[in-house]
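Structure record follows, encoded as structure tokens.
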Amino acid sequence: MTRAFYWLIPHPLLTLILAIVWMFLQNELSAGMIVFGFILGIIIPWGTSVWWPDTPKSFRLRKMIRYSFVVIWDIIVANIEVAWIVLTVPTSKLKPAWIIVPLRLKEPEAITLLAGTITLTPGTVSADLSDQGHSLLVHVLHTHDADAVREDIITRYEARLLEIFS
Amino acid sequence: MTPQIIGTYFVCLFLIIGSGFVLVGAIGLLKFNDPMTRLHAPTKVGTVGIGMLLLASVVHSFDIGEPSTHELLIMAFLFVTAPISANFIGKVNIHRRACDTPPDPPLDDTWSTLSVPESDRDG
């Protein structure tokens with residue numbers, strides 16, 4: 001039974017997300033649309049399964065939801081901070097810096113999530129990954145203490161992602 | 001004060017906040033002079049700026065009695081794609097040496113953007 005389920009729906013979460021996206025696109029909730037959404041949700045992961053070679057072994061949805069709320073809150077705070085820097089700090093006094101974040105994460109999905117989070121939050125943009133994937137290059141807009149920024153990324157985001165994907 | 005009027009006030013508030021953030025993003029883009037620092041203003045300030053404008057659109061649609069939630073989808077896709085484009089612009093800057101060359105990574109040989117395939121290396 002479970003084997004049949006995973007054969008039909010190799011990525012249950014993706015199926016659910018596709019169905020929800022379809023309903024949002026339709027802008028209405030009717031039985032027909034829900035059924036069609038789920039049909040799409042089954043066909044699309046099936047047709048694209050070639051490009052999803054290894055799914056992460058575990059993924060803790062509840063921790064992921066909590067993580068999303070942390071990130072959304074940080075995005076709002078970060079926007080106000082960056083807006084303040086743009087308006088008040090003169091270009092000559094700006095102190096941009098490169099920082100290198102050593103990665104404990106292994107899964108490509110987890111690293112992508114971390115890089116995306118870094119780009120969306122406090123004055124940091126993730127720019128590059130080292131050739132073997134052991135460290136992430138991050139550009140900081142304005143900082144006096146680059147080590148504190150790195151510590152912040154490691155404790156606030158990477159630790160949580162490690163829990164989500166462990 | 002009917003709910004409609006309160007709704008309209010909220011729409012105005014969100015529009016003002018959103019356009020304020022978008023304006024700050026544009027100012028940042030013009031003000032900074034290094035390609036990497038320039039990247040910061042539009043990628044981040046833009047997301048909340050546009051998010052607020054879309055939120056105003058959602059509130060307005062409920063206000064006039066034609067609920068619409070398409071905007072949430074736009075927001076979701078925006079948040080997923082914004083980091084990718086920022087990452088690519090960053091990579092191009094590193095590749096063209098338009099910014100300070102970053103320090104070498106401690107654990108590996110080099111950054112993937114700067115690495116040259118073995119067949120192309122000079123003897």
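Throughout, read-outs are computed from the coordinates displayed, never taken from laboratory work. From a predicted model like this one, the values you see are computed outputs, not experimental measurements. Please note: Cβ atoms are built from the backbone with ideal geometry, for glycine as well, and neighbour counts cover all protein chains shown.
Derived scalar couplings between HN and Hα for region B:24-41 equal 4, x, 5, 4, x, 4, 7, 7, 6, 10, 9, x, 6, 5, 4, 4, 5, 4 Hz in order, rounded to whole Hz, by the Karplus curve 6.51 cos²θ - 1.76 cosθ + 1.60 (θ = phi - 60°), x for Gly and Pro.
Taken along the Cα-to-beta-carbon direction at a fixed 7 Å, the label points for A:Leu16 and A:Arg66 span 1.7 nm.
Inter-chain neighbour count for A:108-120: the average number of beta-carbon atoms from partner chains within 10 Å of each residue's beta-carbon is 3. For region A:2-51, the normalised intensity computed at q = 0.16, 0.31 Å⁻¹ comes to -0.43, -1.11 (log10 of I(q)/I(0), Debye sum over alpha carbons, equal scatterers, no solvent). With each label modelled as a point 7 angstrom along the Cα→C-beta vector, the A:Glu151-B:Leu78 pair spans 3.5 nm. The mean number of partner chain beta-carbon atoms within 10 angstrom of a residue's beta-carbon across peptide B:31-43 is 5.
Global size of region A:104-164: 11.1, 32 Å for Rg and Dmax (C-alpha atoms, Rg to one decimal, Dmax whole). The mean number of partner chain beta-carbon atoms within 10 angstrom of a residue's beta-carbon across peptide B:81-91 is 5. Note on B:Val92 and B:Phe10: the extension gain reaches 25.5 nm, defined as 0.36 nm multiplied by sequence separation minus the Cα-Cα distance.
All Cα-Cα separations within chain A were binned at 10 Å from zero, giving a P(r) of 9, 28, 29, 21, 11, 2, 0, each value a whole percent of the pairs.
Within 10 Å, at most 12 other Cβ atoms, and a DSSP state outside H, G, I, E, B define an exposed site. Report the longest part of chain B free of exposed trypsin sites (Lys or Arg not before Pro). Longest site-free region, per DSSP loop and neighbour criteria: B:1-95. Couplings for region A:45-52, taken from phi via the Karplus curve 6.51 cos²θ - 1.76 cosθ + 1.60 with θ = phi - 60°, read x, 5, x, 9, 4, 4, 8, 10 Hz in order; Gly and Pro are left as x. Cross-link partners of A:Lys63 among lysines, defined as those whose alpha carbon lies under 28 angstrom from its own and excluding same-chain residues fewer than eight positions apart: A:Lys106, B:Lys44. Mark the label point 7 Å from the Cα of B:Leu107 along Cα→Cβ and return the residues of region A:105-132 whose backbone N is within less than 16 Å of it. So the set is A:105-115, A:128-132. Rg/Rh for the protein assembly as shown (Cα atoms only, Rh after Kirkwood) is 1.01.
What per residue convex hull volume, in Å³, do the alpha-carbon atoms of chain B yield?
Considering the Cα atoms of chain B, their hull volume per residue is 135 Å³.
Note on B:Lys91: aspartates and glutamates with a C-alpha under 12 Å away, same-chain residues under 8 apart excluded, are A:Asp128.
In loop segments of region A:90-166 as defined by DSSP, the trypsin sites (Lys or Arg not before Pro) with at most 15 further C-beta atoms inside 10 Å of their C-beta are A:Arg104, A:Lys106.
Where is the GNM fluctuation largest for chain B (alpha-carbon springs, 10 angstrom cutoff): B:Gly49, B:Gly18, B:Gly65? Highest fluctuation among the options: B:Gly65.
Centroid-to-centroid, using Cα positions, region A:109-137 and region A:21-55 are 29 Å apart.
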